[in-house]
Amino acid sequence: MSGQGLPAAQRIRRRLDFKRIYKGGVLVHSRFMTLFVLRNGGNTPRFGVAATRKIGSAVDRNRAKRLSREVFRRKKIAVGLDVVIVPRREMLDAPFAILETDYHAALDRGDRKLSSPAQAQHRRDGSTRVNKSV
């Protein structure tokens with residue numbers, strides 16, 4: 001298992017970094033996880049996991065974190081992205097191949113949203129607000 005972990009440069013650990021990604025990043029929902037994606041201006045992708053107690057016991061949360069890290073490690077994403085995964089309880093029962101497919105699809109949607117010139121956010125009342133801060 002040596003050499004297969006995430007290097008320190010690819011980890012997001014500080015609360016301020018998580019807050020910055022939550023506030024300025026693109027939110028992407030998928031079947032097994034929610035992703036927050038934000039460009040970091042660096043040359044390496046970075047990754048963080050936020051497993052809440054809604055998932056279950058500490059054993060379940062740690063398993064969800066391990067699965068999330070492995071999915072990130074296997075998918076070589078474009079450099080310069082910060083990705084935070086918020087796993088859902090359904091992740092624990094899903095086969096790993098389906099988790100990978102779900103992650104790839106969500107990451108592609110997030111990257112497309114980041115690449116759009118002006119990210120439009122649709123409100124419940126049907127109006128659209130254009131967010132040009134991205």
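Quick note: the coordinates plus some simple rules give every number you see, no bench work behind them. Computed from a predicted model, the values in this text were never measured in an experiment. Cβ coordinates were reconstructed from backbone atoms using ideal geometry, including for glycine residues, and neighbour counts include every protein chain displayed.
Quick one: Karplus J couplings for the stretch 23-34, per residue in order, coefficients 6.51, -1.76, 1.60, θ = phi - 60°, nearest Hz, x for Gly and Pro?
6, x, x, 8, 9, 10, 9, 9, 5, 10, 7, 10
Could you list which residues have their amide H under 5 Å from that of residue 39, counting only those 5 or more apart in sequence or on another chain, with H placed in the peptide plane?
82
Going by amide H atoms built from the backbone, whose H comes under 5 Å of the H on residue 11, apart from near neighbours?
47
Can you sort 85, 98, 12 by how many other beta carbons sit within 10 Å, fewest first? Intermediate results must be reported in sequence, preceding the final value.
On the way: 85 27, 98 12, 12 18.
Fewest to most other Cβ atoms nearby, the residues stand as 98, 12, 85.
At 0.36 nm per residue, minus the direct Cα-Cα distance, what do residue 27 and residue 13 gain on full extension? Give it in nm, one decimal, please.
3.1 nm
Given Cα pairs under 8 Å that are at least 6 residues apart, what percent is the relative contact order of the stretch 50-90?
62 percent
Under the Karplus relation 6.51 cos²θ - 1.76 cosθ + 1.60, θ = phi - 60°, what is the ordered set of whole-Hz ³J(HN,Hα) values for the stretch 70-76, x standing for Gly and Pro?
3J(HN,Hα) across the stretch 70-76, in whole Hz: 5, 4, 5, 5, 6, 8, 7.
Hey, what do the phi angles of the stretch 83-89 turn into as Karplus ³J(HN,Hα) couplings, whole Hz, using 6.51/-1.76/1.60 and θ = phi - 60°, x for Gly and Pro?
Result, rounded to whole Hz: 10, 10, 9, 10, x, 9, 4.
Once amide H atoms are placed 1.01 Å from N in the peptide plane, what residues at a sequence separation of 5 or more from residue 94, or on another chain, have their amide H within under 5 Å of its amide H?
Distant-sequence amide H within range of residue 94: zero hits.
Taking only C-alpha pairs under 8 Å that are 6+ residues apart, what is the relative contact order of the stretch 10-113 in percent?
Numbers: 165 pairs, mean separation 38.7, N = 104.
Normalised by residue count, the contact order of the stretch 10-113 is 37 percent.
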